[in-house]
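Every number here is computed from the coordinates shown, using simple stated rules; none is lab data. Since the model is a prediction, treat every value here as computed from it, not as a measurement. Counting neighbours? That spans all protein chains shown, and the Cβs are built from the backbone with ideal geometry, glycine included.
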Amino acid sequence: MFEKYLFILSVTAGHGKNVPSPDRIRSVFEKTGQFSRLQIIETSYVGHPMDAAKEFAKEYGERGIVYACGGDGTINEVARGVYGSRCYMGVLPCGTGNDFCRHLYGEQTVEDLLMKTLEPTKGTCDLMKIGDLLSVNVTSFGYDSLVLLNVQKLLKKIPKLGRWAYLAGVFVSLFNKRSFSLSYELEDEKGEIHKGDGKFTLGAIANGSYYGGGFHPAPYADIEDGILDVLLVRQLGFFEFLSLIPKYRKGEHLSNPKVLTWKAVRGKITAKKNEIIANYDGELTSFKELVFEVLPKAVFFAYL
């Protein structure tokens, strides 16, 4: 048991419908006689989860634990906040897609997990460094990031789409550009170098195994193995792409000859022409050259 528990509640995650109320969390700690150990913060500005987690980690270190109650963006901020400390972090599925939580807990809900937050199993979690950024779950680029751009537009117009927004975004984006010229250089866990180039539809660098509201690009990913799962999909024709979508969602795409995969510890993806749109844990960005590496056992992690 920890000396202090901090729950950071994202007021924007999933429009608040999956985030447990402060009273619900208090009831769990009151019932077990541990109310004095509890702190709750509801976010009030961009960057608040990272700031709160960093301050808490500095004060309590290994005696404390921070629970990120939000989507992958909130989880990313909390991870950055505790990174470099001995403070633990845990996650609850309170966002729209809950992809990182799905990797850990399947379809279990907040209610299924809340009682376990007092005495979690202690472990670690890898992170990935993307240039100067940190990513917890998946960094992807190419077509699926164009999809994410459309998803965000759809959610602004139709918030009730929720986790189905990504699937809707796929179909809205079908007639966008679906190939990008790039080269890659990857180092695997044995130190061997893999190089190549060509036209690709999308790519993903995965620590966790899900993203995009349930798509399953890296079914064998492990957040504790010190290795990243890298995937590149060669240029696909329209009907080839249509047939790949349901398999990609189910994690049944790895046998497709146009799907290339590696286990890597570091690497570089270089755009041959214009910058390529990308995203890390749901945050959009773009790059001409994307340099990445795994950070093994980067944060202390609480498994429920």
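Things to note:
- Global form of the stretch 4-119, assessed from the alpha-carbon gyration tensor, a/c cut-off 1.5: rounded
- Note on the stretch 14-96: dipole from Cβ charges, positive end direction compared against 43, 92, 27; the farthest Cα belongs to 27.
- Sorted by Cβ density within 10 Å, fewest first, the residues 192, 185: 192, 185
- 17 Å reach of a label modelled at residue 119, 7 Å along Cα-to-Cβ, counting backbone N of the stretch 36-78: 37
- Magnitude of the charge dipole, the chain, Cβ model with Lys/Arg +1 and Asp/Glu -1, debye to 20: 820 debye
- Within the stretch 60-195, percent of DSSP bridges classed antiparallel, to nearest 5: 50 percent
- Qualifying aspartates and glutamates (Cα of each under 15 Å from Cα of residue 153; at least 8 residues distant if same chain): 144, 283
- The dipole here belongs to the stretch 88-147: it is taken about the Cα centre, uses +1 on the Cβ of Lys and Arg and -1 on the Cβ of Asp and Glu, and is about 160 debye.
- Between the residues 168, 208, 145, the greatest Cα displacement towards the positive end of the dipole of the stretch 135-296, with unit charges on the Cβ of Lys, Arg, Asp and Glu, is found for 168.
- Degrees, to the nearest 10: 238-250 long Cα axis against longest axis of the chain: 30 degrees
- Label-point separation in nm, residue 63 to residue 258, each point 7 Å along Cα→Cβ: 5.8 nm
- Length released on extending from residue 243 to residue 157, taking residue separation times 0.36 nm less the Cα-Cα span: 28.1 nm
- Among 131, 196, 73: highest mean-square fluctuation, GNM of the chain, C-alpha pairs under 10 Å: 196
- Springs between Cα atoms under 10 Å define the GNM used for the chain, and in it the highest mean-square fluctuation of 129, 263, 31 occurs at 31.
- Centre-to-centre separation between the Cα atoms of the stretch 230-291 and those of the stretch 93-119: 27 Å.
- Straight-distance candidates among the lysines for linking to residue 54, with alpha-carbon spacing under 27 Å and chain neighbours fewer than 8 residues away dropped: 4, 17, 116, 122, 129, 297.
- Note on the chain: GNM, Cα springs under 10 Å; of 238, 200, 141, the largest mean-square fluctuation is that of 238.
- Computed from Cα atoms, the angle from the helix 72-82 axis to the main principal axis of the chain rounds to 60 degrees.
- The angle separating the long axis of helix 143-157 from the principal Cα axis of greatest extent in the chain is about 50 degrees.
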